[in-house]
Ligand code: MEV
């Protein structure tokens, strides 16, 4: 293979046309399997849309979207689009949702939609006096913040409160100002970040401290989403399964090593809905994991127990800063279509649905882990990928997958053998 000697220093790459950008990459790589045609095909999203979304765009990457069926949330049947590359995630939600339909499915709740914007003040001469001076100016602070986004205020949102903390960072006292902002149907990062930036000069003027950092906090613990559901003991395979699941929960709640994986499973469901709706997966992930540490130890985000009849009950609570307006949600045509499938009117509804999916996912993972183990279901779904990787053509995939699962060894070498045998037989 010929080594490229090109430099990665390419000025104004973003000004080039789509094809020209791809040519630059091809030139940089020299001889390679890089396919310009592959990147020229942006599927159901126009290149122009993608190019407006990020810098130096060269194409799109398709992630499968599956629909979770069987979900009843707050008395309403829902179909839920989920974007994920992980084979078993959608099936897990469908199974969990089916098994709690008899008890009405999922019941959800949300807190207010308050986001926190932080301003870090440094070079503070007298922390307690600085804190009080800021609190005394709440009226003006509110006016400055609300001036940034009059439309939000008109919709009932905007500045809702002020908190001032004294923080010893180990080097000096900081004053940390929190503005509390109701961002209504927006995730709110743009509104809040604009507000903290607009407010900083006034804070510096009142206090003679210096505004160092001005940014929203992803620990959105004033914007919580909750979901609960009950699974009848008979439906889930009896008391032994229930008790094993309860033990699995206690393990996760006590041991951070297990909690990380347990919560990862919850986020498998949550992030898939967040991505499908063009929301910010990293913001939700960061908020969730920070919230899992709220007691000082990293623990399970979900909680499990039994009701008076001995049925298994689960609940989940976590920050859920999602929006229906702004960001990729509004501009990405597939996100818009996914919102059509969800058939919702508010960010609040999206937050509730997403939380219910997280709980369903957690139920399915725990149940699989304490019964058959995760590999059985996972591998039979994954077998299709392996069949394709082994070179099976469209008309061969189903047969290879079936034989692969039957063999109990979902491996690429086994898939290749099966494929060779099938081809040999068919002449
Ligand atoms: C895999 O993506 C997710 C699980 O590991 C979650 C869990 O262990 O609870 C199965």
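Scanning the range 74-99 for residues that are outside any helix (DSSP H, G or I), within 16 Å of residue 266 (Cβ to Cβ) and in contact with a strand residue (DSSP E or B) (Cβ under 6 Å, 6 or more places away or on another chain) gives 80, 82. Taking the listed residues 127, 81, the one that is assigned by TED's automatic domain parsing to the domain that holds residue 271, surrounded by 17 or more Cβ atoms within 10 Å (Cβ to Cβ), more than 16 Å from the ligand (Cβ to nearest atom) and modelled with pLDDT of 95 or more is 81, with no other qualifying. Filtered by the rule that a residue be within 16 Å of the ligand (Cβ to nearest atom), surrounded by fewer than 19 Cβ atoms within 10 Å (Cβ to Cβ) and either part of a strand (DSSP E or B) or in contact (Cβ under 8 Å) with a residue 24 or more places away in the chain (or both), the range 51-73 gives 63, 66. Residue-level analysis places residue 34 outside the set of residues that are away from the ligand (no atom under 16 Å from the Cβ), part of a helix (DSSP H, G or I) and either surrounded by 19 or more Cβ atoms within 10 Å (Cβ to Cβ) or not assigned by TED's automatic domain parsing to the domain that holds residue 309 (or both). With respect to the conditions (1) surrounded by 23 or more Cβ atoms within 10 Å (Cβ to Cβ); (2) within 26 Å of residue 295 (Cβ to Cβ); (3) under 24 Å from the mean Cα position of the chain (by Cα), residue 312 falls short on a single one, namely (3). Scanning the range 339-346 turns up at least one residue that is assigned by TED's automatic domain parsing to the domain that holds residue 311, at positive phi and away from the ligand (no atom under 16 Å from the Cβ). Any chance the range 366-380 includes a residue that's surrounded by 21 or more Cβ atoms within 10 Å (Cβ to Cβ), part of a helix (DSSP H, G or I), within 14 Å of the ligand (Cβ to nearest atom) and modelled with pLDDT of 90 or more? Within the range 366-380, one or more residues are surrounded by 21 or more Cβ atoms within 10 Å (Cβ to Cβ), part of a helix (DSSP H, G or I), within 14 Å of the ligand (Cβ to nearest atom) and modelled with pLDDT of 90 or more.
So that you can scan it fast, the table gives a plain yes or no per residue for (1) within 30 Å of residue 242 (Cα to Cα); (2) in a helix (DSSP H, G or I); (3) without any contact (Cβ under 8 Å) to a residue 24 or more places away in the chain; (4) outside the structural domain of residue 274 (by TED's automatic domain parsing):
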| position | (1), (2), (3), (4) |
| --- | --- |
| 350 | yes, yes, no, no |
| 357 | yes, yes, no, no |
| 383 | yes, yes, no, yes |
| 398 | no, yes, yes, yes |
| 420 | no, yes, yes, yes |
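Taken as a whole, the structure places residue 139 among residues that are closer than 28 Å to residue 183 by Cα and either surrounded by fewer than 19 Cβ atoms within 10 Å (Cβ to Cβ) or at pLDDT 95 or above (or both). Every test in (1) farther than 18 Å from residue 270 by Cβ; (2) surrounded by 13 or more Cβ atoms within 10 Å (Cβ to Cβ); (3) touching a helix residue (DSSP H, G or I) at 6+ places or on another chain (Cβ under 7 Å) is passed by residue 44 save one, and that test is (2).
So that you can scan it fast, the table gives a plain yes or no per residue for (1) away from the ligand (no atom under 16 Å from the Cβ); (2) buried (at least 18 other Cβ atoms within 10 Å of the Cβ); (3) farther than 30 Å from residue 167 by Cβ:
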{"residue": "202", "(1), (2), (3)": "yes, no, no"}
{"residue": "207", "(1), (2), (3)": "yes, yes, no"}
{"residue": "213", "(1), (2), (3)": "yes, no, no"}
{"residue": "251", "(1), (2), (3)": "no, no, yes"}
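Considering the range 163-195, and only residues there that are in contact (Cβ under 8 Å) with a residue 12 or more places away in the chain and more than 21 Å from residue 287 (Cβ to Cβ), the residue that is surrounded by the fewest Cβ atoms within 10 Å (Cβ to Cβ) turns out to be 172.
Yes/no matrix, rows are residues, columns are (1) within 30 Å of residue 378 (Cβ to Cβ); (2) touching a residue at least 40 places away in the same chain (Cβ under 8 Å); (3) over 20 Å from the mean Cα position of the chain (by Cα):
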residue	(1), (2), (3)
82	yes, yes, no
89	yes, yes, no
96	yes, yes, no
100	yes, yes, yes
118	no, yes, yes
124	no, yes, yes
134	no, yes, yes
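Among the criteria (1) in a helix (DSSP H, G or I); (2) farther than 19 Å from residue 193 by Cβ, the one residue 145 does not fulfil is (2).
The values are calculated or read from the model by the stated rules, or taken from the named source; none is laboratory data. As the structure is a prediction and not an experimental result, all values here were calculated from the model. Neighbour counts run over all protein chains shown; Cβ positions are idealised from the backbone, glycine included.
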